[in-house]
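*Asks:* Shown below is the structure under consideration.
The values are calculated or read from the model by the stated rules, or taken from the named source; none is laboratory data. Keep in mind that what you see is a predicted model, and the values were worked out from it rather than measured. Neighbour counts run over all protein chains shown; Cβ positions are idealised from the backbone, glycine included. The accessibility values were calculated without ligands, DNA or RNA, using every heavy atom of the protein model including side chains. Shrake-Rupley method; radii C 1.70, N 1.55, O 1.52, S 1.80 Å.
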Amino acid sequence: RPRVLSGIQPTADSFHLGNYLGALRNWVPLQDTHDAFYCVVDLHAITIPQDPAVLRRRTRVSAAQLLAIGLDPERSTLFVQSHVPEHAQLAWVMNCLTGFGEAGRMTQFKDKSGKQGADSTSVGLFTYPILQAADILLYQADAVPVGEDQRQHLELTRDLAQRFNHRYGQTFTVPAPHIIKDTAKITDLQEPTAKMSKSASSPNGIIELLETPSRSGKKIKSAVTDTGRDIVFDPENKPGIANLLTIYSALTGRTIEDLTGAYDGKGYGDLKKDLAAVVVDFVTPIQERTKTYLDDPAQLDKVLAAGAEKAREVSAATLATVYDRIGFLAGK
Ligand code: AQP
């Protein structure tokens with residue numbers, strides 16, 4: 001079976017709808033068609049300062065949410081990145097293969113470091129996409145299900161795989177991005193041309209999977225829209241309404257045409273009220289299941305330990321080949 005690999009950072013107490021609709025939702029069906037590896041990328045999380053107790057909590061909360069949205073450890077491999085040392089080991093090799101200028105062209109780094117200033121930006125944030133390349137290449141992934149913001153990082157991963165293969169002989173599968181166009185960029189409710197983002201959006205701009213219905217309802221009702229009245233799908237001129245329709249359609253399976261037809265002649269208020277109810281119906285069972293997983297942290301840790309063991313079977317084999325190809329002496 002073809003392989004997929006994807007990851008998510010444990011940098012918030014809840015995933016948001018951008019994470020879910022852009023990436024996580026697509027992880028679930030891939031369990032049936034692919035050999036799927038999914039990880040909570042805690043090594044990536046420390047590219048910005050993290051409180052140790054908070055990071056530990058968020059790593060479990062992230063894993064619990066992934067199980068709650070439908071990842072099944074029997075059908076996929078779910079693990080925590082730091083449990084598999086080969087990620088950091090291959091990242092070093094990839095660091096040495098990446099040009100400084102090449103890494104410097106990553107727009108996500110430029111955006112994030114620009115906001116923080118050079119002295120509070122870690123070298124880890126700079127090499128973040130190179131670690132990401134290692135995550136993917138270790139598993140020989142054919143496809144990587146992510147949101148649109150990750151496209152450039154995926155290009156870098158492909159370049160590094162090809163460069164290594166060219167220099168040392170065929171070693172890595174060159175992965176393709178798996179990006180679902182309709183939901184590849186869910187936007188900020190308050191700033192509907194920017195992506196919904198846990199670090200850049202205001203709290204009112206994001207809908208969290210684990211927040212209370214009254215909170216998400218209020219945010220949807222105060223979402224920024226234009227001054228017109230018509231409910232039409234026009235991302236260019238009506239990005240706020242288009243974003244609400246995209247979310248509505250993705251969560252219900254109703255087409256955009258069906259929705260615009262149904263809301264013909266109705267107002268923005270009606271759409272927002274109904275969407276708030278759709279969101280609540282959607283998140284309520286996820287919240288319940290997340291809580292159940294978190295109520296038994298020992299069991300959760302067991303699932304993650306078993307996942308790491310499965311992941312290491314693949315990652316250790318890839319790393320051994322890489323070390324041999326680049327000329328490291330066999331240690332044993
Ligand atoms: N707004 C979004 N629309 C579609 N997909 C999105 N993703 C994130 N935001 C959107 C996708 O979510 C996955 C998890 O990515 P991550 O753990 O790296 O989270 P992130 O990209 O760091 O999420 P944020 O909220 O955007 O955090 P910051 O602000 O820290 O960058 C990825 O597949 C991503 O594409």
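Residues checked against (1) open to solvent by less than 10 Å² (accessible area, probe 1.4 Å); (2) in contact with a Pro (Cβ under 7 Å, 6 or more places away or on another chain); (3) in a helix (DSSP H, G or I):
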{"position": "PHE233", "(1), (2), (3)": "no, no, no"}
{"position": "LEU245", "(1), (2), (3)": "yes, no, yes"}
{"position": "LEU251", "(1), (2), (3)": "no, no, yes"}
{"position": "ASP264", "(1), (2), (3)": "no, no, no"}
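*Asks:* Also, quick follow-up: So which of LEU71, LEU78 ends up being at pLDDT 95 or above, closer than 21 Å to ALA184 by Cα and either among the acidic types (Asp, Glu) or open to solvent by less than 20 Å² (accessible area, probe 1.4 Å) (or both)?
*Replies:* Going through LEU71, LEU78 in turn, the sole match is LEU71.
*Asks:* Additional query: Being touching a strand residue (DSSP E or B) at 6+ places or on another chain (Cβ under 9 Å) and within 16 Å of the ligand (Cβ to nearest atom): is that true of GLU191 here?
*Replies:* Judged against the criteria, GLU191 is not a match.
*Asks:* Considering only residues of the range 196-226 that are surrounded by 19 or more Cβ atoms within 10 Å (Cβ to Cβ) and within 13 Å of the ligand (Cβ to nearest atom), which is nearest to the chain's Cα centre (by Cα)?
*Replies:* The qualifying residue nearest to the chain's Cα centre (by Cα) is MET196.
*Asks:* Residues in the range 120-152 that are open to solvent by less than 10 Å² (accessible area, probe 1.4 Å), part of a helix (DSSP H, G or I) and out of contact with any Phe, Trp or Tyr (no Cβ under 8 Å at 6 or more places or on another chain): how many?
*Replies:* Counting residues in the range 120-152 that are open to solvent by less than 10 Å² (accessible area, probe 1.4 Å), part of a helix (DSSP H, G or I) and out of contact with any Phe, Trp or Tyr (no Cβ under 8 Å at 6 or more places or on another chain) gives 6.
*Asks:* Is there a residue in the range 28-37 that is within 12 Å of the ligand (Cβ to nearest atom) and modelled with pLDDT of 95 or more?
*Replies:* Checked the range 28-37: no residue is within 12 Å of the ligand (Cβ to nearest atom) and modelled with pLDDT of 95 or more.
*Asks:* Still on this structure: Just checking, which of ARG167, ARG254, ARG229 is more than 14 Å from the ligand (Cβ to nearest atom) and under 30 Å from ASP324 (Cα atoms)?
*Replies:* Of the residues listed, the single one that is more than 14 Å from the ligand (Cβ to nearest atom) and under 30 Å from ASP324 (Cα atoms) is ARG167.
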